[in-house]
1. Given a 10 angstrom Cα cut-off, can you work out which residue in F61, F35, F18 is the most mobile in a GNM of the chain?
2. Using the heavy atoms of the protein chains and a 1.4 angstrom probe, tell me the accessible area per residue for the chain in square angstrom.
3. Using only DSSP helix segments of four residues or longer, with each worth -39500 (n - 2.57), what per-residue ellipticity at 222 nm results for the chain after dividing by its residue count and rounding to 500?
4. I'd like the carbon and sulfur percentage of the solvent accessible area for region 50-100, probe radius 1.4 Å, heavy atoms only, ligands and nucleic acids excluded.
5. If you take the alpha carbon radius of gyration of region 38-91 and divide it by 2.2 N^0.38 Å, what ratio comes out, to two decimals?
6. Under the rule that an exposed site lies in a DSSP loop and has at most 15 other Cβ atoms within 10 Å, name the longest stretch of the chain with no GluC sites (Glu not before Pro) of that kind, not counting the sites themselves.
7. Compare P15, P41, P29 in a GNM of the chain, Cα atoms joined below 10 Å, and give the one with the largest fluctuation.
Amino acid sequence: MEVTVFPTHHRTAQPALFRGYPTTIEGYPQLHEYFRTSQVPLLAVWGDRDEIFGPDGARAFSQHLLEAEVHLLPAGHFALETHLGAISGYIHGFLGPVTG
């Protein structure tokens, strides 16, 4: 009996994301314009040693979102694996006012 860990579409999604990354970067100015004009609430919890998406990426949210909640943890890219309690606490605090 074959056990499928991820459905087939998940096996193709990650490579597609990597191939599409250059167009994602091109969209950053529009994304930050949206941030400037909407002031949408944002929570970013990031590893301060993330070598894939460095901490400056998290800090950039604060540039246009005046009340962005940005937290840098002593972690790498997979911060959720090592700091689950802290991250879930930040999420709970961020969503608590909305979810009651």
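1. Ranking F61, F35, F18 by mean-square fluctuation puts F18 first.
2. On the way: 7590 Å² over 100 residues.
Computed with neighbouring chains in place, this is 76 Å² per residue.
3. Numbers: 5 runs with 60 residues, N = 100.
Theoretical 222 nm ellipticity from helices: -18500 deg cm²/dmol.
4. Values: 2110 of 3500 Å².
Heavy-atom surface of region 50-100 belonging to carbon and sulfur, 1.4 Å probe: 60 percent.
5. On the way: Rg = 11.1 Å, N = 54, 2.2 N^0.38 = 10.0 Å.
Taking N as the residue count of region 38-91, the ratio is 1.11.
6. Details: sites that count: E2, E51, E67.
Counting at most 15 other Cβ atoms within 10 Å as exposed, the longest clean stretch of the chain is 3-50.
7. It is P15.
The values are calculated or read from the model by the stated rules, or taken from the named source; none is laboratory data. None of these values were measured; they are calculated from a predicted model. Methodologically, a virtual Cβ is constructed for each residue, glycine included, from the backbone with ideal geometry; neighbour enumeration extends over all protein chains shown. Note: areas computed on protein heavy atoms with side chains; ligands, DNA, RNA excluded. Shrake-Rupley method; radii C 1.70, N 1.55, O 1.52, S 1.80 Å.
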